[in-house]
Every structure is written in C-alpha cells, then in structure tokens.
1. Grab the beta carbon distance between THR57 and SER115, set R0 = 25 Å, and tell me the FRET efficiency rounded to 0.05.
2. Among GLY42, GLY15, GLY65, which one moves the most in a GNM of the chain with springs linking Cα atoms closer than 10 Å?
3. Tell me which residues come under 5 Å, amide H to amide H, from PHE67 once H is placed; ignore anything under 5 positions away on its chain.
4. How large is the translational diffusion coefficient of the stretch 67-115 in µm² per second when you combine the Kirkwood radius over alpha carbon pairs with Stokes-Einstein at 37 °C and 0.692 mPa s?
5. Taking the Cα-to-Cβ direction at LYS64 and at SER17 and moving 7 Å from each Cα, how far apart do the two end points lie in nm?
6. Work out, step by step, the length gained on full extension between ASN83 and ILE28: first 0.36 nm times the residue separation, then minus their alpha carbon distance; give nm to one decimal.
7. Kindly provide the pair-distance distribution of the stretch 19-115 built from C-alpha pairs, with 10 Å bins from 0 and whole-percent values in order of increasing distance.
8. In percent, what relative contact order does the chain have, based on Cα pairs under 8 Å that are 6 or more apart in sequence?
Amino acid sequence: QVQLGESGGGLVQPGGSLRLSCAASGRIFSIYDMGWYRQAPGKQRDLVASITNSGITNYADSVKGRFTISRDNAWNTVYLQMNSLKPEDTAVYYCTANVNFRTYWGQGTQVTVSS
C-alpha cells in the first residue's frame with residue numbers, strides 16, 4: 001500500500017509564507033504526476049499546482065507568481081512554497097500523486113491566513 005504524508009500547514013498572517021511538504025511511502029515502483037489541491041469550507045476541491053515527473057509545472061491562475069511547486073524524486077516528495085499569502089488562500093490543502101498508475105491522496109493540512 002502507498003501513503004502520502006503531509007506537513008507544513010498552520011496559521012500565518014497576510015503577506016506571510018508557508019512551505020508544505022508531502023512524502024510518498026510504501027510499495028512504490030514509479031511516481032508520475034504530483035500535485036496540490038485545496039478545499040475551502042463550502043467550496044469544491046480545486047487544483048492549486050501540479051508537476052510531472054520531468055518537472056513540468058501547472059498552476060491555478062489565482063496562485064501564479066506567488067506559489068511554487070517542486071519535487072525531489074529521490075525522496076518521493078513534493079513541496080509547495082507559498083508566498084504573499086492572502087486570506088482567500090485559507091483552505092485545507094491536499095497532496096495527490098499518481099503512484100504505480102493509481103491516484104492517492106493525503107489526509108490534508110489546514111492553512112489559515114489571518115491577522
């Protein structure tokens with residue numbers, strides 16, 4: 001079985017920064033796309049950013065220029081560096097990865113942007 005473990009969420013003031021991490025563990029043969037989604041209360045879960053195993057990235061328009069996704073293939077880990085955070089970035093952030101041709105999700109980590 002495969003697990004995705006997230007860390008790095010928390011409370012930050014507007015304009016601040018946070019870095020989320022997500023490590024895949026278990027019986028892993030190959031990891032393809034990895035990414036981050038977020039879900040605010042009462043809203044659907046939306047894509048924030050994704051990255052292929054060759055490093056091609058994709059971002060939601062709302063985070064372009066502020067968030068950066070990266071990955072370390074040696075450690076099966078994906079990161080999300082979030083800068084210039086806004087109150088509207090408040091949500092539960094979920095890591096996702098295509099591992100062994102199956103999609104897995106993390107348990108989610110809360111990010112709250114508030115003064």
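1. FRET efficiency, THR57 to SER115: 0.25.
2. Ranking GLY42, GLY15, GLY65 by mean-square fluctuation puts GLY42 first.
3. Answer set, sorted by chain and number: ASN83.
4. It diffuses with D of about 263 µm²/s by this estimate.
5. If labels sit at LYS64 and SER17, their model points lie 2.2 nm apart.
6. 16.7 nm
7. 16, 52, 26, 6, 0
8. Answer for the chain is 37 percent.
Throughout, read-outs are computed from the coordinates displayed, never taken from laboratory work. Small disclaimer: the values here were computed from a predicted structure and weren't measured. Heads up, the Cβs are rebuilt from the backbone with ideal geometry, glycines too, and the neighbour counts pull from every protein chain shown.
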